[in-house]
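The values are calculated or read from the model by the stated rules, or taken from the named source; none is laboratory data. Everything numeric here is computed off the predicted structure, so don't read it as measured data. Because the Cβ atoms are built from the backbone with ideal geometry, glycine has one as well, and the counts that use them run over all protein chains shown.
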Amino acid sequence: MKIPDELRCVFSAQIEEEDGEYTLRIPKREVSEGDVRRGTTYRVAILNRTSAPNPPEQETAATPDDSAPDRRQAHPEAPVAVGEQRTVEIEGIGDQGDGVARVDRGYVIIVPDTEKRDRVTIEITDVTANVAFAEVIERKPYYE
């Protein structure tokens, strides 16, 4: 799945029906800590919770090679860069089952194969203006 640079936030929510209208509630943290602003109109993409990520051959083709420009230069507002390693705590789990960590100013990092409250050292594999993806390098004890 290609993620556009205009992505402002990623969260899971249920669509609720009330008085013949449907509502999607945005978590407060996306407004208070993220890039979502009250009174602004946004396009919304809705993904089925059973949808699968790209097949491995597509992911490999989309992986930047050494000749590609540094992703951090392409997205100067991202507080992380491809190849950077950090230790983070997984704050929640997204609909696809991937762990969600937040760093500087609420910036989201998606980390597969993790569970809520895991402490892991990760390596950033892809960066956009609003979300990054990472792989687990090392699992840490909670109190370290």
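Taking the range 114-129 on its own, how many of its residues are more than 25 Å from Ile46 (Cβ to Cβ), under 13 Å from the mean Cα position of the chain (by Cα) and either assigned to a loop (DSSP other than H, G, I, E, B) or free of Cβ contacts under 8 Å to residues at least 12 places away in the same chain (or both)?
Result for the range 114-129: 0.
What do you reckon, is Ser12 at pLDDT below 75, assigned to a loop (DSSP other than H, G, I, E, B), of a type in the set (Gly, Ala, Ser) and loosely packed, with under 10 Cβ neighbours inside 10 Å?
no
Hey, among the residues in the range 70-113 that are in a helix (DSSP H, G or I) and surrounded by 13 or more Cβ atoms within 10 Å (Cβ to Cβ), which one's modelled with the highest pLDDT?
Checking each candidate, the answer is Gly106.
Could you give every pair whose Cβ atoms fall below 9 Å, whose first residue belongs to the range 9-31 and is farther than 19 Å from Ala45 by Cβ, and whose second residue is of a type in the set (S, T, N, Q), counting only separations of at least 6 or pairs across chains?
Glu17/Thr23
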